[in-house]
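Colleague: One structure, as structure tokens, below. Some questions next.
The values are calculated or read from the model by the stated rules, or taken from the named source; none is laboratory data. Since we're looking at a predicted model, the values are computed, not measured. Don't worry about glycine lacking a Cβ; one is built from the backbone with ideal geometry, like all the others, and counts go over all protein chains shown. Each accessible area value is taken on the protein alone, full model and side chains, heavy atoms only, with ligands, DNA and RNA left out. Shrake-Rupley method; radii C 1.70, N 1.55, O 1.52, S 1.80 Å.
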Amino acid sequence: MSARNQIPGMSVEEAFEMFSAAAPRGWRVELIEGEIHVTPPANGEHEEIVSEVTGQVRDHRKDLGRYTGIGLFLPGASVSGKVEPDIVLAPKGSFADQAEYHDPSPVLLVAEVTSRSTAGNDRVKKIRGYARAGIPVYLLIDRESEQAVVCTEPSGEDYATKAAYKLGEVVPLPEPLGFDLDTGRF
């Protein structure tokens, strides 16, 4: 939903804080390009994919934290951008503070698993925000198109390189990760 110009006397940021405080447990509230998006908890298939990806990361890179539900502050994404990627990979200890939203500078990879209600944001708006923030790798697990898209080389509002793989294939994750992700388990 968009809160832009909908609540007299309240800024989008204030409305975002209000929605965030009132959201039931498990619901995700994000501020993307000046719009507030409220998403219900993910379904089981979505969470199975998130679990499989984080498990494979653990198997290959024990030095990385695998964060789900961590907030990132992406000021370059809009006047104020606050998102909660499905998966964030960063060196362990990168978010060892009390903040709800964190600077994305230590992030090596963000991943989103599409849902019908959020696929448009994952494919368009979030890719712009992650690229603007300079996040080295964006992994989009697009369940509707049955693809895993690896976006690298952030440049302006997009990634210079995008490689698409059919779900079920082995997906090479480039440096700074440097291992293969087996999507056959999705």
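Colleague: Taking Lys166 as the anchor, which lysines have their alpha carbon closer than 25 Å to its alpha carbon, excluding any fewer than eight residues away along the same chain?
Modeller: Lys125, Lys126
Colleague: Moving on to the next point. Ordering Asp103, Asp122 by accessible area with a probe of 1.4 Å, largest first, what comes out?
Modeller: Ranked list, largest accessible area first: Asp103, Asp122.
Colleague: Per DSSP helix of 4 or more residues, -39500 (n - 2.57); summed, then divided by the residues of the chain. What does that give at 222 nm, rounded to the nearest 500?
Modeller: -6000 deg cm²/dmol
Colleague: Non-local amide H neighbours of Gly81 (under 5 Å, H modeled in plane, Pro and chain starts lacking H): which ones?
Modeller: Long-range HN contacts for Gly81: Leu74.
Colleague: Output ³J(HN,Hα) for the range 52-59: one whole-Hz value per residue in order, computed from phi by the Karplus curve 6.51 cos²θ - 1.76 cosθ + 1.60 with θ = phi - 60°, and x for Gly and Pro.
Modeller: Working through the residues one at a time gives 5, 4, 5, x, 5, 4, 4, 5 Hz.
Colleague: Something else now. So if we plug the beta-carbon distance of Glu157 and Arg116 into 1/(1 + (r/R0)^6) with R0 = 22 Å, what FRET efficiency do we get, rounded to 0.05?
Modeller: Once the sixth-power term is evaluated, E becomes 0.35.
Colleague: Whenever you get a sec, compute what percent of the accessible area on the chain sits on carbon and sulfur atoms (1.4 Å probe).
Modeller: 49
Colleague: Given a 1.4 angstrom probe, what's the average accessible area per residue across the chain, in square angstrom?
Modeller: Heavy-atom accessible area per residue stands at 49 Å².
Colleague: Also, I was wondering about something else. Using the Karplus curve 6.51 cos²θ - 1.76 cosθ + 1.60 with θ = phi - 60°, what ³J(HN,Hα) values do you get for each residue of the range 92-98, in whole Hz, with x for Gly and Pro?
Modeller: 3, x, 5, 10, 7, 9, 9
Colleague: What lysines could a cross-link reach from Lys92, if we take a straight Cα to Cα line under 17 Å and drop same-chain neighbours fewer than 8 places away?
Modeller: Lys62
Colleague: Just the accessible area for Val29, please: 1.4 Å probe, Å², rounded to the nearest 10?
Modeller: Roughly 10 Å² of Val29 is accessible to a 1.4 Å probe.
Colleague: Please report the orientation-averaged projected area of the chain, defined via the convex hull of its C-alpha atoms, in nm².
Modeller: 10.1
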